[in-house]
1. Among helices (runs of 4 or more DSSP H) lying entirely in region 64-163, which contain 1 or more residues that are more than 18 Å from A7 (Cα to Cα), out of contact with any Pro (no Cβ under 7 Å at 6 or more places or on another chain) and without any contact (Cβ under 8 Å) to a residue 40 or more places away in the chain?
2. Within region 133-157, how many residues are in contact with a Ser or Thr (Cβ under 8 Å, 6 or more places away or on another chain) and at pLDDT 95 or above?
3. Filter region 83-111 down to the residues that are more than 23 Å from I20 (Cα to Cα) and crowded, with 24+ Cβ neighbours inside 10 Å and list them by number.
4. Answer with yes or no whether V56 is crowded, with 22+ Cβ neighbours inside 10 Å, touching a residue at least 60 places away in the same chain (Cβ under 8 Å), part of a strand (DSSP E or B) and of a type in the set (A, V, I, L, M, F, W, C).
5. I'd like the full set of residues that are out of contact with any Ser or Thr (no Cβ under 6 Å at 6 or more places or on another chain) and either buried (at least 22 other Cβ atoms within 10 Å of the Cβ) or at pLDDT 95 or above (or both), limited to region 63-82.
6. Restricting to region 113-124, and then to whatever is closer than 20 Å to T98 by Cα and at pLDDT 95 or above, can you tell me which residue is surrounded by the fewest Cβ atoms within 10 Å (Cβ to Cβ)?
7. Can you spot a residue in region 37-50 that is under 16 Å from N97 (Cα atoms) and within 14 Å of the chain's Cα centre (by Cα)?
8. Do you know which residues across region 1-52 are under 23 Å from R93 (Cβ atoms) and among the small types (G, A, S)?
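The values are calculated or read from the model by the stated rules, or taken from the named source; none is laboratory data. Remember, it's a predicted structure, so these values are computed and weren't measured experimentally. Cβ atoms come from the backbone with ideal geometry, glycine included; neighbour counts cover every protein chain shown.
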Amino acid sequence: MKFHGTAHKYGRDVDTDVIIPARYLNTSVPEELAKHCMEDLDPRFIEKVEFGDVLVAEENFGCGSSREHAPIAIKAAGVSVVIAKSFARIFYRNAINTGLPIMESPEAVDGISDGDEVEVDADTGVIVNVTSGETYQAQPFPPFVKDIIERGGLVESVKAKGARRG
């Protein structure tokens, strides 16, 4: 899996209430959630983000309430991958379960600036800041996680395995 896009960089402790404010949790429609993604932190985020872009953040990304709406909103907004120094554990699992690729790389976060062009090879864990020419290493996805993400989430992965057996 390879991703390429413009970096949108944010700080530490970006919580799920900022990713998708609670006032929009009356829907689980991805396109509706996307319209409000990050709006309390960056009201112009949805105007700036383009399909394939990369979200970059400091420590503890996705802390706060456990809600699948947060990774769904990010993915539906067009973000191809999130790179952070660390993720809240429940967000990490929700992201994988909903098919949103996430990678931990403190060095990449330190080396990537807002607006930089970024390439990610999730199979090798290599992250390239195309703008600066710097390369960073993250842990590549294990095969079972890669399968979940490629199929669009845990539900679709389980359905595919059931269909192969059936």
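1. Where helices (runs of 4 or more DSSP H) fall fully within region 64-163 and carry at least 1 residues being more than 18 Å from A7 (Cα to Cα), out of contact with any Pro (no Cβ under 7 Å at 6 or more places or on another chain) and without any contact (Cβ under 8 Å) to a residue 40 or more places away in the chain, they are 89-98, 143-150.
2. Result for region 133-157: 3.
3. Selection gives A108 alone.
4. Answer is yes for this residue.
5. C63, H69, A73, I74, K75, A76, A77, G78, V79, S80, V81, V82
6. Filtering first and then ranking leaves D121.
7. no
8. Result: G11, A22, S28, A34.
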